Every structure is written in C-alpha cells, then in structure tokens.
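A.B. asks: Could you have a look at this structure, given as structure tokens, before my questions?
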C-alpha cells in the first residue's frame, strides 16, 4: 500500500522537474495539466487558455504512467485510487479529480481494446519534441519506482515508450537514475 506521504513525495518529484526554457524553469507536466484542466465544457465560447496540443501531451504523459502501472496485468481499485491521487496531487489542482478519474477510465477502455503495444504507439504519435518525450518517460519511470524496484515487465514498457517516443539508447536508464536521485533528494 502506498501511503499519503509517498503519494505526496511522488507528486512533488513529478511536478518539480524543471528544464529551463528561455532562462526560466518550466514544469512540462504543470503546463500541460493547466491546459488540460482549462478545457472548455459543453458549448463554452469563453476564452479558457485551452491548448489542444498541450492537453494531448498531458494525456500522453498520464497514459505512459498508466501503462507502466498496468504492466504486470494487475491494476486493482486500490492501485487505481492511488494512481489517480498521485496524478491529482502532481497537477496541483489544475485538473479536477473527476476529470482525472474520467481520463483513467478512458485509458482503461483503450488498453483493454487495443493492447499494450498499440497504446504505446498511439500515445507517442503527438510527441514531437525531445523534452516532451523525456517527460513522458520520466513520469512513467517515476510510477515504476513506486514499489522501489522496477520489475522486468515495467522496464519492458519503459523501453517501449522510449522507442516509440524516439529516445536514444540508454534513455530508460537515465530516466530511472534521475528519478531515483530526485526521490532521494526530495524525500530527505
């Protein structure tokens, strides 16, 4: 069982990774979540700050993590609740919990319908920037670390994500190392 402290630690690491863009630290996850969370509902015509590409990136990031969480073929109600909680906390409230729950429900249906390999390929389709690909892999690696040991099947999914997102050899090892270091720093 993952404790609330561990959920908060994972969420802090997820949202605190900040590459530098234009001289300022940027959280790709936070920016994508903000856009996803501002998605207009219904027939709204009010400007919301919604960026479809950023929302699609958010979905890819969450799906990459979801696929790793499902790598062993078991994703029970407790794991789903924990997963949704980590995503919610990592988004800092930018995405309503009900929207995260709906997204995870959609991801569940898509995985059941398409299978792991096709989902990995599909989530990578809109990823064109290396930093976005690295963010998908980083968050997936973070989820793989929730049990403090990455299983063979989780690593296989991570390798599939890296390949589909056109990341070079060693990308999984780099992501796992960076996540371990960040967890050690943040957890201290």
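A.B. asks: Name the one entry in 96, 123, 137, 161 that is surrounded by fewer than 21 Cβ atoms within 10 Å (Cβ to Cβ), within 28 Å of residue 38 (Cβ to Cβ) and touching a residue at least 12 places away in the same chain (Cβ under 8 Å).
C.D. replies: On the way: 123 fails: surrounded by fewer than 21 Cβ atoms within 10 Å (Cβ to Cβ); 137 fails: surrounded by fewer than 21 Cβ atoms within 10 Å (Cβ to Cβ); 161 fails: surrounded by fewer than 21 Cβ atoms within 10 Å (Cβ to Cβ).
Of 96, 123, 137, 161, the one residue that is surrounded by fewer than 21 Cβ atoms within 10 Å (Cβ to Cβ), within 28 Å of residue 38 (Cβ to Cβ) and touching a residue at least 12 places away in the same chain (Cβ under 8 Å) is 96.
To keep it simple, each residue is scored yes or no on (1) assigned to a loop (DSSP other than H, G, I, E, B); (2) within 15 Å of the chain's Cα centre (by Cα).
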residue	(1), (2)
73	yes, no
82	no, yes
93	yes, no
104	no, yes
113	no, no
119	no, yes
135	no, yes
142	no, yes
150	yes, no
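A.B. asks: A follow-up question, please. Part of a helix (DSSP H, G or I) and surrounded by 14 or more Cβ atoms within 10 Å (Cβ to Cβ): is that true of residue 167 in this structure?
C.D. replies: Here the answer is no, as residue 167 does not meet what is asked.
A.B. asks: A follow-up question, please. Quick check on this structure: which one of 131, 84, 59 is in contact with a strand residue (DSSP E or B) (Cβ under 9 Å, 6 or more places away or on another chain), closer than 17 Å to residue 14 by Cα and either surrounded by fewer than 22 Cβ atoms within 10 Å (Cβ to Cβ) or without any contact (Cβ under 8 Å) to a residue 24 or more places away in the chain (or both)?
C.D. replies: Details: 84 fails: in contact with a strand residue (DSSP E or B) (Cβ under 9 Å, 6 or more places away or on another chain); 59 fails: in contact with a strand residue (DSSP E or B) (Cβ under 9 Å, 6 or more places away or on another chain).
Result: 131 is the single residue among 131, 84, 59 that is in contact with a strand residue (DSSP E or B) (Cβ under 9 Å, 6 or more places away or on another chain), closer than 17 Å to residue 14 by Cα and either surrounded by fewer than 22 Cβ atoms within 10 Å (Cβ to Cβ) or without any contact (Cβ under 8 Å) to a residue 24 or more places away in the chain (or both).
A.B. asks: While we're looking at this one, here's another question. Criterion first (modelled with pLDDT under 75 and under 22 Å from residue 125 (Cα atoms)) does residue 27 satisfy it?
C.D. replies: So residue 27 fits the description; yes.
The values are calculated or read from the model by the stated rules, or taken from the named source; none is laboratory data. Quick caveat: nothing in here was measured; it's all calculated off a predicted structure. Virtual Cβ from ideal backbone geometry, glycine too; neighbours counted across all protein chains shown.
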